[in-house]
Amino acid sequence: MLSPDAFAGAIALLSSSWEPWLVVVPGLMIGLFAGATPGFQVSMAMAIVLPFTYYMDFLSAVLFLTAIFTGGGYGSSIPAILMNIPGSSAAVATAFDGYPMTRQGRFDEALGLALGASCIGAALSYLLLLLVISPLSTAVLKLGPSELFVIVLWGISLIALLSAESMVKGLLAGLVGLLLGTVGMSATGAIRGTFGLPVLLDGVPVVPAMIGLFAVSELFTLLGRSYIVDDEHRAKVRVSRIAAGLLRTVRYPVIVLRGSAIGALVGAVPGVGASVSNLVSYAETKRRSREPESFGRGNPRGVIASESANSSSEGGSMVTLLALGIPGGAGTAVLLAAFNIHNVTGGPRFILENMDVVYAIVLANFVQVVLLLVLGLGFIRLIALVVHIPVRVLVPTILALCVFGAYGITGSMSGPITVVIAGLLGWWMRRHGYPVAAAVVGLLLGRMAEGELIRTWQISGGQASYLLERPVTLILVALLVLSLFGGRLLRGLRRRFLP
Amino acid sequence: MSRLLRGENLLVLVLMTIVGVYVGDTLAGGFSVGNLAFVLPVGVIALGLGASVLVGQMRSPTQCPSTDGATPPAEPPPSRQGISPAVGMSVLLVALVLALDVAPFDVATWLFLLAGLWWLGERRTWFLVIYPLVTGFGIALVFRLLLPYPMDTLI
C-alpha cells in the first residue's frame, strides 16, 4: 500500500528546506489560541491567516494551515472542559464528562486526558491516511445521498439521546435546530422563513447561533457562583495531575483505538466529520460500558472517546480533501482555498501525480502531533488559570468576546443580534432541561440533510424500492432505529424475561 | 390556561410557534416536493413531540414526560439562584449590541464591561476604573487589527 519511492521523495521534501518547519509552531499556537477562545472559530483563524499563505510554497502553506487545524482540534476541548462551552461542535461530547470533572476539581486531569487522546487520535488517523488513502477514497465515493441523509439523522438522534434527560426533549430540540438550519433559500430556489430580511437568505448565521446557544447560555447559568470551581483547593493547577491524565489515556487503548477508527471513518464523510464522530464515539463507549450511568457525571472514558474521535476526524477529512477535492468541513474548506491559491486541485489525479507531497503532509503531521504534546502541556497551565478568575469578571469579558467573534464572522450586526437571540433561547432551554447541543448540531446539519433528501428523491424518482438496492443505507437505518429504540427494547425484554 | 403559559410549557409553546410559523411560511412558498419533502415531515414530527410534552405536563405538572428514563441528565437545569443577575446581564448584552450600531466599538465595550462588573458585584474602585478600560479598548483593538471589516473605534 505504501510507495517506497514516494516515501523517500517525501522525506527529501521535508529535509531539504527549513521553511515548512518554521510555520508549524506558530500554526499550532494560533490553533490552540483560536480553539480555546470561545467565540473564535478555528476555521475563522485559518481564514484570517489564509492571505499569508500566498507568500509560502504549497507544502509550507498546507502545513501551516493543518498545524492550526491540529492545534485547534485540541484547543476547542479546553473551554468545553473548563466552562462547558465547546470551542466547536467537534467538542460537544467532550463537555458531557469534561465539565463535570471540572466541577469536581479534576479539570487538570481532564485536560491531560483530552491532550493525550487528541495526540494519539490524530497520530492514528494520519497513520491510517498513510496506509489506506487510496482504498478509503474509493469507498467514500460510493456513499450516496441516501446514506449521507441517514448519517445526518443518526447524528441528530444520538445527540438527542445523549444530552437530554428525556428523548422527547432531545429530539424536539434537535428537530427545531434542523428546521432552523434550512431557513433561507433552499436548494430548489424556494425562499423560506426569512420574513423579508435579506440577511437570512443565506440562512441563520450558524456560528453566531452556536456561540449564543452554547457560550452565552452557559455563561448565564454560571451567574450566582463566585468561581467556576468554588473550592479553592480543588482549583489549583497541578502539572502532576495533568501529566497523570495524559498518561492515563494509554490505560484505555480500546476506547482510544475505537474512537480513532470512528473519527477517521466518519471524518472521511464530506460535510459530517468531527461534529458527528465525537458523538458516535461517545455513544458507543457509553453503550459498551459496564457502568453507563456514570457517563455525564465525570467519567474520564467519555473525554477520551470524544477527543480521540474528533482529532482523528482531521486525518479522515484530509482523505476526502486530497482524494476527492471535497472539503469535509469549514477547516478543510479553507485548506481547499489554499489549494486553489497554489493552483492545486485535489482528486485521484493529484494523489497519483504528487504522492510524495501527500506523504510529506502526512509525515509532517506526525511531527505536529509530537509538538502539540509539548506545546499543549505549556498552554494548558496558562489557560487553566481561567478557573481562578471570578465569575463576575469572566462573564462580561467573555460575553464581549462572543459579540466581537460573531461580528467577525458575519461582518455585520446580524452576528451579534443572532448571538443575543440564540443565547437567551439557549438559556431558557437549559433551564428546562432541553439540550442546546442537539439544537446546534441540527442547525449545522439541517441544510445538508435537506439537500441529501432531495437528491435521493431525484435519483430514485420517488420510488421507495430504490432504498432496497442500497444495503449501506439499510444498515444505517437499522443503526438509527437501534439507537432510538434499542435501549427501551432491551429494558423491555429484560423486564419480561429476567426476574 | 395560566398553567399552559408558565415555565416549561411556555418554552414548548414558543418552540411550537416557531416551527408552526416556519412550516406555514414554507407551505406558502409552494407545494413542490423540493420545498416540502424535508420541512413538512420534520415540522409535523416536531409539533407532535411538542404536543406530547404539553399533554404530559398538563396531566402531571411535576413530572417531565420521558421515554428514556434511564438516561441521566447531562445538562441539569440551573438553579434559580442566577436568574436575576442573568436577566440584568441579558439587558446589558442587548444594550451592547444596540450601542455597537451607534457608538464606537471600544467605547461601547468599555461601558458594557463597566456596567457588567458593577451589576455582578464588583466594588473595587481601582479595578472598575482600570479593567474595563484596558480590556474593552484592548478587545476592540485586537479585533480591528484581525478583522477585514470596518469597525468604528475611538482609538
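The values are calculated or read from the model by the stated rules, or taken from the named source; none is laboratory data. Nothing here was measured: the structure is a model prediction, and the numbers come from that model. Here the Cβ positions follow ideal geometry from the backbone for every residue, glycine too, while neighbour counts run over all protein chains shown.
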Which numbered condition B:Leu114 fails, given (1) touching a residue at least 24 places away in the same chain (Cβ under 8 Å); (2) assigned to a helix (DSSP H, G or I); (3) not β-branched (Val, Ile, Thr): (1)
Which numbered condition A:Leu111 misses (of (1) over 22 Å from A:Leu321 (Cβ atoms); (2) of a type in the set (A, V, I, L, M, F, W, C); (3) over 17 Å from the mean Cα position of the chain (by Cα)): (3)
Any hit, segment B:117-133, residues being touching a residue at least 40 places away in the same chain (Cβ under 8 Å) and either exposed (fewer than 13 other Cβ atoms within 10 Å of the Cβ) or facing chain A (nearest Cβ under 10 Å) (or both): no
Scan of segment B:16-53 for residues that are within 16 Å of A:Val176 (Cα to Cα), more than 7 Å from chain A (Cβ to nearest Cβ), of a type in the set (A, V, I, L, M, F, W, C) and touching a helix residue (DSSP H, G or I) at 6+ places or on another chain (Cβ under 8 Å), ordered by number: B:Met16, B:Val23, B:Leu36, B:Leu40, B:Val44, B:Leu47, B:Ala51
Tally, over segment A:218-267, of residues that are away from chain B (no Cβ under 14 Å) and modelled with pLDDT under 75: 8
B:Leu92 being more than 7 Å from every other protein chain (Cβ to nearest Cβ) and at pLDDT 95 or above: yes
Any hit, segment A:55-63, residues being within 17 Å of the chain's Cα centre (by Cα) and under 19 Å from A:Ala122 (Cα atoms): no
Residue within segment A:386-396 that is at pLDDT 90 or above and either under 16 Å from A:Val24 (Cα atoms) or of a type in the set (A, V, I, L, M, F, W, C) (or both) present: yes
Filter pass, A:Val280 being within 30 Å of A:Gly423 (Cα to Cα) and at pLDDT below 80: no
Some residue of segment B:56-64 being at the interface with chain A (Cβ under 7 Å from one of its Cβ atoms) and either within 17 Å of the chain's Cα centre (by Cα) or modelled with pLDDT of 90 or more (or both): no
Subset of segment A:194-208 (residues that are within 12 Å of chain B (Cβ to nearest Cβ), in contact with a helix residue (DSSP H, G or I) (Cβ under 7 Å, 6 or more places away or on another chain) and closer than 22 Å to A:Ser89 by Cβ): A:Val204, A:Pro208
Any chance A:Leu172 is at pLDDT below 85 and either more than 20 Å from the chain's Cα centre (by Cα) or not in a helix (DSSP H, G or I) (or both): no
Failed criterion for A:Gly346 (all others in (1) assigned to a helix (DSSP H, G or I); (2) under 25 Å from the mean Cα position of the chain (by Cα) hold): (1)
Residue satisfying condition, being of a type in the set (D, E, K, R) and touching a helix residue (DSSP H, G or I) at 6+ places or on another chain (Cβ under 7 Å), within set A:Arg447, A:Arg470, A:Arg431: A:Arg470
